[in-house]
Every structure is written in C-alpha cells, then in structure tokens.
Amino acid sequence: MADFHESLLELYRLAGVKCQPVVFILSDDQIIHEGMLEDVNNILNSGEVPSLFPPDERDKMINSSAEAAREKGITHRDEIYNYFIARARDNMHVVLCMSPIGDAFRTRCRQFPSLTNCCSIDWFDEWPAEALHGVANRLLSGMTLENHDEDREKIISLCVDVHTCVEQFSEEFWNQLRRRYYITPTSYLEFLNLFVATLEEKTIEQKEYLSRFVNGREKMKETDSMIAVMKKDIEEKQPLLEKASKQAVEVVADLKVRREKASVVQQDVAGQQAEASQQQKHASGIASQAESRLAEAKPVIEEAQKALDTVKAEHINELKVLNNGPKGAVLTCQAVMTFFDPKDMPGWSGASDWKGCREFLAVKGLLNIIKNYDVDNVKPTVITRIQKYVLDTENFNPDEVRKRGSEVCGPLCSWVLAVDKYAALTKEVAPLKAAAAEASATLAATTEKLTTAKASLKEVEDELAHLQKNYDDTMSRKELLEKELAVCTTRLKNAVQLSESLKNEGGRWEENIILINKKLETLPINVFLSCATMAYCGAFTPSFRNNLCLLYTSPSPRDS
C-alpha cells in the first residue's frame, strides 16, 4: 500500500500541480489489497483520498499551486488546497479493467458504489476473427521462422481457427456438463506469447543439439587429418633423431681425445709453473742476500754524502791559495784523486804533488763530481791504489786529516773510506749478483716457456670448450627431438584410439544430424500444436480433450 500511495502522490502532483492530463489504469490482477479500491472509490466520488497527504506533503502541494490559485483570485490556504484537488479531479481519468468472471466483480460493485455510480462501463465481448487475425499477425511478425517464412500466414490463420474452435467447444462443454469455461482475449494473447516463447526456446535447443553433433563430426575429421600430419611428422623427425644420436657419439669420442690432450698440456704447464716458481724463489733469495750485504754499506755512503754536503766552495778556495799544503790536506787530496782520471777532469794535469792537488781542487764543480761518483762500479785498479791510504789508519782518518789539514779534509776522507768499504762489499757480493742475474735469466726463459705453454693450454681449453658447447647443443637437440617424438607418438596413439572408438559414434551422429534437421523442419507446427493444447485443453475433461486434439490434427479445423 505504501508504494501505491507513492504512485497516487505522483499522479496528484502531475494532475493538480503541473496541470497535466493523466490516465490512471488499474486492472483487477494488480489489486493486491482491497484498500486500493477504497482509495479509487474516494477518487471517483470526491476526487480526494483521505489522509493521503502528510502535513509536509500537503504544504508542498499548496505552495506549488499558490501561484496558479492567485491568478484565479484564491489566496486562503484551505481554498488553495481545494483548488488543487479540483484541478487534479479535472485532469485525472481513471480506467478500471475488471473481468466479470466469478463473484469478485459483483462483490466489489456492491462494496464500492462509485465503481458503478461514477464510472461508464464498457463491456468487451468476444473478438471477431478479423481482430484475432490482426493481433496474431502483429505478435508473430517479429518471430523468426527458420526456413518457414512462407508458412507464417498459415500459422496465423491456424491461431484464429484454434481459438474459434475452443470457443465452440466451451459452449458445447456448458451445454453437456453445465460447466462454464471462459475463453477470453487474454487466453488468446497468452497462447500467442506461449507459442512465440516456446518456439524460440525449442529452436535454440535443437540448434544446440545439432551444433554438438556437427562439431563432433568436424572434430572427427580434424582428428583424422591430425593423425596423418602426426604420422608425417614422426617420419620426418625419426631420421633427424638418428642423425643427432650419431653426431652425439662422434662428438663424445672427439671430446674424450681432446680432454686427454688437454690433461697432458695441463700437467706440463703445472710442472713448468712449479719450476718457474722454484726458480723465482731461488733468484729472489740470492738477490735478497746480495741486497742485504750491500745495505750494510749504504749508511756509510749516505753519511759520507751528508758530510760532503757540509763542504763549501770557500773551504776549497782556502786550500787552493796555499803555496804549501798541509800534510793532511795533501794526503786527502791524493786519496780522492785516485778515483778519477785526468782525462775526465779538465784543468788537472794528473800530478799528485801539491801543485797537482791545487789543480784538482780547481776543477769546476768538483763537489758535484765527487757526489755523483758511480760507487757501484769502482775499478779494481782504483781499489788497489787506494789501499795504501786506507791501510794507513794512523794518518788517514777523518779526525787526523782534519787536525793536520783543514775542515774540508774530514768529509773527503770519510767519503774515501766509505767508497772503499762499499767497493769491498760489492766485490764480495759480485758472485751473488752474478748468480742472481743467471737465476733471473733462467727464470725469464722458463717464464717465456710457461707463457707459450699457457697459450697452448688456452687454445686447447678454448677448443675443448667449443667441443663441449657443440656436445651440449647436440644433446639438447637430441633430447628435444626425443621429447617431441615421444609427445607426437603419444598424441598419435591417443588420436588413433579416439578415432577408432568414435567410428561407431560417427554413424549415429550422422543419423542424429538428419533427425534434428527433420525436427527443425516440423518444429513450428509441432510447437504450435503443443502450445494450443497447453493453453486451451486444461479445463476440459479427457473426452473433450481428445476430440479437440483430433480437431487440431484434422486437415482444416474451420471446415470441421
């Protein structure tokens, strides 16, 4: 009822507020509560349904109708509401559709007098044949008839004939059994709608069955084609598999030979590498021993060099101006001159007296020449000549020559003694150096051989890796071919089994396809007869039903 009242509010809003003509149609099958007819009775009697408008809704209707009411000179709210109701009553047209069958219509007319007092009653009798034909033509015009469009007019005529025959049978049913069976236009419409819906449903159903059998037949054909393709594929892959297996055997044999060769080269390289490591260790030991011995004299040379740094040019000039040099100065200069060749000292005649000493001291850049002297390569003759000074430890030492000569003589004496000591150590370690050089040369030769052997090993290993890759690729191809061949063989076996098992079914499917096509040919008339039976034969007794069915299947119901 709440939804019904909402619909009434909307009708009043359209008719009373917007002043639009409205038709309110209510059929008896829509009446779910008798209170609905009571509201309709009030609308027909006074135009107003009591308690339909809540206070807020009533105010909305009044406010919405106020402007139109003022144009009519109405300003009071109650009068505006009455104006709203009057407009709704003028614009609303009520149409009630009720069936006279049974006692419901008679009871409602007595209970709600406005249904008869305030309404004009139109009685609808049986439809004529022209009307039945027109309705059937309209409802069946959009129906799809597979390959039966030329029979559409015949089916429409059959609809009219069946409905007319049932009307005649209902009169005979009343005359014989005094039982009323009402055949109304609604029955006719339900019959037509049932026929259209059932025909569409059955057509789809039969087409689905047909599609399944046709697809099955096509799948069988595809299976046969696939079997032929798989057989051909197996025939093509079998030689390839045999070839791949043969290649794998050849590659394995070659790989075995190359691995043995690589193993020999690896052992050779490992031996040479161990020998080179041993030689390197031996050479390093000798060189280390020589360097440690020479290192003992290095501090002495460095101290002498530092002492030379303290000598100034003016100290040498002081000696040069002396006509007769002190004994310590002469002895020191003679010892230093022993290390040098007059050819390399411009201005020095090579004399060892004081005059020669003064010439030697006058050589340009003497201090730098002494500092840069190659102490690692002192000649043996020089070492022999210098011994007479070195062995004279009483007169030839830094303190004594400094005391008996000058300050510059002390650093020069220290340098001579240091070079002598360093040369002695150099002579001592000369065999060690020679052994180290020989060991280094041997190590270099061994290293060169090792490098060549490693290069050969790399070539063998690269070739071995290439063969291994070829082997892996060959085995992969072989495994892939074996897998594909196994899959293809399994599929072929399954396909053959399926084809063999479905051969008998193929004949049955062909029969079913022919049978379903025949059913589709007669489907419209079969569905028509079944729908006519379902729509009209339910209320009759078995004898009347049998007679009516015989009438349906006769050459022409109208003639019968």
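Descriptive notes on the structure:
- Residues of region 129-159 satisfying the condition of being within 30 Å of residue 517 (Cβ to Cβ) and of a type in the set (A, V, I, L, M, F, W, C): 136, 139, 140, 143, 145, 155, 156, 158, 159
- Region 398-425: number of residues that are closer than 24 Å to residue 380 by Cα, aliphatic (A, V, I, L, M) and in contact with a Leu (Cβ under 9 Å, 6 or more places away or on another chain): 2
- Among the conditions (1) under 42 Å from the mean Cα position of the chain (by Cα); (2) surrounded by fewer than 12 Cβ atoms within 10 Å (Cβ to Cβ); (3) at pLDDT below 75, the only one that residue 462 does not satisfy is (3).
- When residues in region 510-545 are screened for being open to solvent by 70 Å² or more (accessible area, probe 1.4 Å), modelled with pLDDT of 80 or more and more than 24 Å from residue 203 (Cα to Cα), 1 of them pass.
For (1) of a type in the set (A, V, I, L, M); (2) crowded, with 16+ Cβ neighbours inside 10 Å; (3) without any contact (Cβ under 8 Å) to a residue 60 or more places away in the chain, each residue gets a yes or a no:
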position	(1), (2), (3)
35	no, no, yes
41	no, yes, no
44	yes, yes, no
55	no, no, yes
60	no, no, yes
65	no, yes, yes
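- Restricting region 217-235 to residues that are open to solvent by 80 Å² or more (accessible area, probe 1.4 Å) and under 37 Å from the mean Cα position of the chain (by Cα) leaves a set whose member that is farthest from residue 482 (Cα to Cα) is 219.
- In region 467-487, the residues that are under 11 Å from residue 247 (Cα atoms) and among the charged types (D, E, K, R) form Cβ pairs under 9 Å with partners that are open to solvent by less than 50 Å² (accessible area, probe 1.4 Å) and modelled with pLDDT of 70 or more, at six or more places apart or across chains, as follows: 477/244; 477/248; 478/244; 478/245; 478/248.
- Criterion violated by residue 110 - all others in (1) among the basic types (Lys, Arg); (2) closer than 23 Å to residue 529 by Cβ; (3) exposed (fewer than 15 other Cβ atoms within 10 Å of the Cβ) satisfied: (2)
- From the options 116, 198, 164, 184, residue that is hydroxyl-bearing (Ser, Thr, Tyr) and within 19 Å of residue 526 (Cβ to Cβ): 198
- Among the residues listed as 214, 265, 252, 257, the single one being more than 48 Å from the chain's Cα centre (by Cα) and either exposed (fewer than 15 other Cβ atoms within 10 Å of the Cβ) or assigned to a helix (DSSP H, G or I) (or both): 265
- Any pair with Cβ under 8 angstrom, 6 or more apart, that starts in region 111-124 at a residue that is β-branched (Val, Ile, Thr) and ends at one that is surrounded by 14 or more Cβ atoms within 10 Å (Cβ to Cβ): 116/109
- Of the numbered criteria (1) among the basic types (Lys, Arg); (2) surrounded by fewer than 17 Cβ atoms within 10 Å (Cβ to Cβ); (3) part of a helix (DSSP H, G or I), the one residue 180 fails is (3).
- The one condition in (1) more than 27 Å from residue 517 (Cβ to Cβ); (2) in a helix (DSSP H, G or I) that residue 221 fails to fulfil: (1)
- Search result, residues across region 325-367 that are of a type in the set (S, T, N, Q) and modelled with pLDDT of 80 or more: 338
- Among residues of region 185-218, those that are within 24 Å of residue 515 (Cβ to Cβ) and touching a residue at least 40 places away in the same chain (Cβ under 8 Å), counted: 14
- On inspection, residue 105 does not qualify as open to solvent by less than 60 Å² (accessible area, probe 1.4 Å), hydrophobic (A, V, I, L, M, F, W, C), in contact with a Gly (Cβ under 6 Å, 6 or more places away or on another chain) and assigned to a helix (DSSP H, G or I).
- Residue ranges of helices (runs of 4 or more DSSP H) in region 327-411 with at least 3 members touching a residue at least 60 places away in the same chain (Cβ under 8 Å): 327-337, 398-404
- Residue list for region 125-171, restricted to those being open to solvent by 80 Å² or more (accessible area, probe 1.4 Å) and either assigned to a helix (DSSP H, G or I) or among the polar types (S, T, N, Q) (or both): 130, 138, 144, 147, 149, 150, 153, 154, 168, 171
- In this entry, residue 35 is excluded by the filter for residues that are touching a Lys or Arg at 6+ places or on another chain (Cβ under 7 Å) and closer than 29 Å to residue 108 by Cβ.
- Every residue from region 75-96 that is touching a Leu at 6+ places or on another chain (Cβ under 9 Å) and loosely packed, with under 12 Cβ neighbours inside 10 Å: 95
- From the options 399, 392, residue that is out of contact with any Phe, Trp or Tyr (no Cβ under 6 Å at 6 or more places or on another chain), surrounded by 12 or more Cβ atoms within 10 Å (Cβ to Cβ), modelled with pLDDT of 70 or more and of a type in the set (Asp, Glu): 392
The values are calculated or read from the model by the stated rules, or taken from the named source; none is laboratory data. All of these numbers come straight from a predicted model, not from anything done at the bench. FYI the Cβ positions are ideal-geometry reconstructions off the backbone, even for glycines, and counts take in every protein chain you see. Please note that ligands, DNA and RNA were not included when accessible areas were found on the heavy atoms of the full protein model with its side chains. Shrake-Rupley method; radii C 1.70, N 1.55, O 1.52, S 1.80 Å.
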